[in-house]
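Before any comments, here is the structure.
The values are calculated or read from the model by the stated rules, or taken from the named source; none is laboratory data. All values derive from a computational prediction rather than experimental measurement. Please note: Cβ atoms are built from the backbone with ideal geometry, for glycine as well, and neighbour counts cover all protein chains shown.
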């Protein structure tokens, strides 16, 4: 058994869910979280059958703090063209 990172988000506009496995760069969409997980499981199985040595991509998650100016613009120390 192998474990993978799965990012699942609800899309309120489309009224569905999207899932992404960053190690394999595969994604799926479904009507529920369970649909997404089942689709991703199928896609991972297909990849494993296609490639005995699956490429596993490096990735990282980071929490980034952003500061905004009083006028609502992003303040990052860079000047913007106007």
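Does the stretch 49-65 contain any residue that is at positive phi and under 11 Å from the mean Cα position of the chain (by Cα)? No, the stretch 49-65 has no match at all. Considering only residues in the stretch 1-19 that are without any contact (Cβ under 8 Å) to a residue 24 or more places away in the chain and surrounded by 17 or more Cβ atoms within 10 Å (Cβ to Cβ), the one that is nearest to the chain's Cα centre (by Cα) turns out to be 19. Answer with yes or no whether residue 55 is exposed (fewer than 15 other Cβ atoms within 10 Å of the Cβ) and modelled with pLDDT under 95. For residue 55, the condition - exposed (fewer than 15 other Cβ atoms within 10 Å of the Cβ) and modelled with pLDDT under 95 - is met. Restricting attention to the stretch 26-36, the residues that are touching a strand residue (DSSP E or B) at 6+ places or on another chain (Cβ under 6 Å) and in a strand (DSSP E or B) add up to 4. Restricting attention to the stretch 20-32, the residues that are surrounded by fewer than 17 Cβ atoms within 10 Å (Cβ to Cβ), farther than 20 Å from residue 60 by Cβ and under 15 Å from the mean Cα position of the chain (by Cα) total 1.
Among the residues of the stretch 37-60, is there at least one that is touching a residue at least 40 places away in the same chain (Cβ under 8 Å) and assigned to a loop (DSSP other than H, G, I, E, B)? Yes, the stretch 37-60 has at least one match.
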